[in-house]
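Visitor: Take a look at this one; I'll ask things after.
The values are calculated or read from the model by the stated rules, or taken from the named source; none is laboratory data. Small disclaimer: the values here were computed from a predicted structure and weren't measured. Cβ atoms come from the backbone with ideal geometry, glycine included; neighbour counts cover every protein chain shown. With ligands, DNA and RNA removed, areas are computed over all heavy atoms of the protein, side chains included. Shrake-Rupley method; radii C 1.70, N 1.55, O 1.52, S 1.80 Å.
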Amino acid sequence: SNRDAWRLTVRHPLKTNGKGSARLEWQHALGPQGEGWLRSGLRIHTQLFHGYGDSLIDYNFKRTVFSIGLSLVDF
């Protein structure tokens, strides 16, 4: 449906050091959808990351991170 969006990002290194990663994201619209002034831009976001390079601070460490977020405006 238009209320859900799934995204998968996989990165593989060009070298054989095995420092790739995978990120699975799910986004779900909350509240009334459609057109008009009652339309809600509220969305919940979830993300599961496993591998290297989740942040610049931890670029050289393997991590598994689960994140949940909420956006108030749909761009």
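Conditions (1) assigned to a strand (DSSP E or B); (2) aromatic (Phe, Trp, Tyr); (3) at pLDDT below 95; (4) exposed (fewer than 12 other Cβ atoms within 10 Å of the Cβ), marked per residue:
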| site | (1), (2), (3), (4) |
| --- | --- |
| Ala5 | yes, no, yes, no |
| Leu8 | yes, no, no, yes |
| Gly34 | no, no, yes, yes |
| Thr46 | yes, no, no, no |
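Visitor: Next question, about the same structure. Return the residue satisfying two criteria in turn: it lies in the range 13-30 and is under 28 Å from Ile44 (Cα atoms) and not in a strand (DSSP E or B), and of such residues it is modelled with the lowest pLDDT. Let's see the steps before the verdict.
Guide: Initially, the range 13-30 is screened for residues under 28 Å from Ile44 (Cα atoms), giving 20-30.
This time we only want the ones that are not in a strand (DSSP E or B), so: 20, 30.
Details: Gly20: 89, Leu30: 84.
Restricting to residues being under 28 Å from Ile44 (Cα atoms) and not in a strand (DSSP E or B), the top hit is Leu30.
Visitor: Are any residues in the range 53-71 modelled with pLDDT of 90 or more and open to solvent by less than 100 Å² (accessible area, probe 1.4 Å), and if so, which ones?
Guide: Arg63, Thr64, Val65, Ser67, Gly69
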